[in-house]
Amino acid sequence: AGQPFTFDELAQVAVAQKGAAVVRVGQMADLAISHRFPRGAAGANGHAAVILAIQKQPGVDTLKLTAALEAKLAALDASLPAGSRRLTVFRQADFIRHSVDNVLDALRDGAVIIAVILFVFLLSGRATLIALTAIPVSVLAAILALKLLGLSINTMTLGGLAIAVGELVDDAVVGVENVVRRLRQKSASGPALIETVVRA
């Protein structure tokens, strides 16, 4: 009744009765203080392992949290048991960094494609330069809008930006080409310069 057992007392506890015979804990098990038996088979690279998963709360900056956790874990490495070591299996911050790199690659490739296409077809360095400014200005506007709304850059927004780069390239090429074409067709008696650009 709430009192701690000694092993001798615990061994005498009855767990079943077969006729006149009573089956006691001590007859079914060896009682000792030990570690808990593992549930399932945790392993890494063919060795026994303890797997620790750390989940962040919503709204927390993944990159800053990961850096802080890495510093704490590195400080604890010295106190690990002999023969054991820490191994990172998955780190969401790595995924985010790769996503950022992918967006930057898409921006770079898009800028190169715009520069080549516009210069070849329009033979205008000024038109090419104007179109090239569309990509960074648009991305900067999207990031500022996210910041003003109190939102952070995460894997979803990075994916959206990567997809939007294709649309930016298309808009920049079509928009600038349309303006240049209309300006070239504009007669001296036609609408004012700004009106022609607005119509384009």
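Numbers at a glance
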{"read-out": "Hits in region 77-109 - residues which are of a type in the set (A, V, I, L, M) and either over 21 Å from the mean Cα position of the chain (by Cα) or open to solvent by 60 Å² or more (accessible area, probe 1.4 Å) (or both)", "value": "Ala78, Leu80, Ala82, Leu87, Val89, Leu104"}
{"read-out": "Among (1) over 30 Å from Val173 (Cα atoms); (2) modelled with pLDDT under 85, the one test that Val116 misses", "value": "(1)"}
{"read-out": "Hits in region 45-71 - residues which are free of Cβ contacts under 8 Å to residues at least 60 places away in the same chain and of a type in the set (Val, Ile, Thr)", "value": "Val50, Ile51, Ile54, Val60, Thr66"}
{"read-out": "Of all residues making up region 91-105, the number that are touching a residue at least 60 places away in the same chain (Cβ under 8 Å) and either in contact with a Cys (Cβ under 7 Å, 6 or more places away or on another chain) or not polar (S, T, N, Q) (or both)", "value": "3"}
{"read-out": "Condition broken by His35, with the remaining ones in (1) modelled with pLDDT of 75 or more; (2) on the phi < 0 side of the Ramachandran plot satisfied", "value": "(1)"}
{"read-out": "First in region 75-90 and assigned to a helix (DSSP H, G or I), second anywhere and of a type outside the set (Ser, Thr, Tyr), Cβ under 7 Å, 6 or more apart", "value": "Asp77/Arg86"}
{"read-out": "All positions within region 115-130 that are exposed (fewer than 12 other Cβ atoms within 10 Å of the Cβ) and either aliphatic (A, V, I, L, M) or in contact with an Asp or Glu (Cβ under 6 Å, 6 or more places away or on another chain) (or both)", "value": "Val116, Val120, Leu123"}
{"read-out": "Odd one out for Val112 among (1) open to solvent by 60 Å² or more (accessible area, probe 1.4 Å); (2) farther than 30 Å from Arg184 by Cβ; (3) assigned to a helix (DSSP H, G or I)", "value": "(2)"}
{"read-out": "For Arg182: the one exception among (1) in a helix (DSSP H, G or I); (2) modelled with pLDDT under 80; (3) surrounded by 15 or more Cβ atoms within 10 Å (Cβ to Cβ)", "value": "(2)"}
{"read-out": "Test: residue in region 131-144 that is touching an Asp or Glu at 6+ places or on another chain (Cβ under 8 Å) and open to solvent by less than 70 Å² (accessible area, probe 1.4 Å)", "value": "yes"}
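The values are calculated or read from the model by the stated rules, or taken from the named source; none is laboratory data. Quantities reported herein were computed from a predicted structural model and do not represent experimental measurements. Neighbour counts run over all protein chains shown; Cβ positions are idealised from the backbone, glycine included. Protein only, heavy atoms only, side chains kept; ligands, DNA and RNA dropped before computing areas. Shrake-Rupley method; radii C 1.70, N 1.55, O 1.52, S 1.80 Å.
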